[in-house]
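The values are calculated or read from the model by the stated rules, or taken from the named source; none is laboratory data. These figures come from a predicted structure and were not determined experimentally. Quick reminder, even Gly has a Cβ in these numbers, built from the backbone with ideal geometry, and neighbours come from all protein chains shown. For the accessible areas, the whole protein counts, side chains as well, though only heavy atoms, and no ligand, DNA or RNA atoms are used. Shrake-Rupley method; radii C 1.70, N 1.55, O 1.52, S 1.80 Å.
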Amino acid sequence: MTPRVAVVTGAARGIGAAVVHRLAGDGWRVVAVDVAEDLPGLRYPLARREQLAEVAAKWPGQVIDLVGDVRDQRALDEAVRVAEREFGGLDAAVAAAAVMAGGRPLWETTDSEWESLFGAGVDGVFHLARAAVPALLRRPRPRSGRFVALASAAGHTGLWRLAGYNAAKHAVVGLIRGLATDLRGTGVTATAVSPGSTRTPMLAATAALYELDDVEEFAQHQLAERLLEPDEVAAAVCWLCGRDASAITGTVLHADGGFTA
């Protein structure tokens, strides 16, 4: 069987990297995209070029690493071109890039914080859809294309002093529902995965915003009574990328350990 092909953003670490590793382990070909530099308005460092290269190095011939800013439409257009040129097409796109900012009431949120939250977390999903969906539709019928975005438990409930992040993740959920409706009858689906508190650098950044000494304090909000691991969330994302998820579109899979129960 011809290997399936994906583009994954936010791929250098955390859930995005876990998605790349799972897909590659299942035989997929992947273009792994990450900005690999810091953004304005954030109080923590983002992934580095070396981390993205390390993800790809584990899968020679299967994963191509590409430095690109999801806020820039041209970067994601190029990622899709690379997927089609090097691997022959596109079957799935995973929008995992996002950032964390907050720690203050909404009315004290800075312009740079707001712009980074929406630039990476919402514009990035839109830009990936605009680049990837035409490629997904270029596959012959019957199609099994998949567009999956990472939302969050924050897309379904308010979080203290994270109103900007709440707004961005609610926007992702709305975008996915609208995209799925636009894709009706095409064989291409659009879904979101909403993780709970997951052991990633972004969760550590959230703990710092709350002046918490230990990320483990977030576990109390989940019925699982523990933090999730990135690979657990990636498992949900990768299942949605597969052919067996053909009945799932326009909705959210809550891989949140019971956060929103």
Per-residue [θ]222 nm for the chain (sum of -39500 (n - 2.57) over DSSP H runs n ≥ 4, rounded to 500): -12000 deg cm²/dmol
Carbon/sulfur fraction of accessible area - the chain, other protein chains in place, 1.4 Å, %: 52 percent
Nearest-10 value in Å² for the accessible area of Ser152, using the 1.4 Å probe: 10 Å²
Note, ³J(HN,Hα) from phi for segment 15-25, Karplus 6.51, -1.76, 1.60, rounded to Hz, x at Gly and Pro: 5, x, 5, 5, 5, 4, 5, 5, 4, 4, x
Alpha-carbon centroids, segment 20-54 and segment 115-140: separation in whole Å: 16 Å
Per residue accessible area in Å² of segment 141-261, where ligands, DNA and RNA are left out and the probe is 1.4 Å: 45 Å²
Projected-area mean, segment 1-90, by convex hull of Cα positions, square nanometres: 5.6 nm²
Listed residue (Ala261, Gly25, Leu162) projecting farthest to the positive dipole end of the chain, Cβ model: Gly25
Sequence of Asp214, Asp111 from largest to smallest accessible area, 1.4 Å probe: Asp111, Asp214
Trp114, Trp59, Trp160, Trp28, ranked by accessible area, largest first (probe 1.4 Å): Trp160, Trp114, Trp59, Trp28
Orientation-averaged projected area, Cα convex hull of the chain (nm²): 12.7 nm²
Residue among Ala11, Ala120, Ala235 with the largest mean-square fluctuation in a Gaussian network model of the chain, springs linking Cα atoms under 10 Å: Ala235
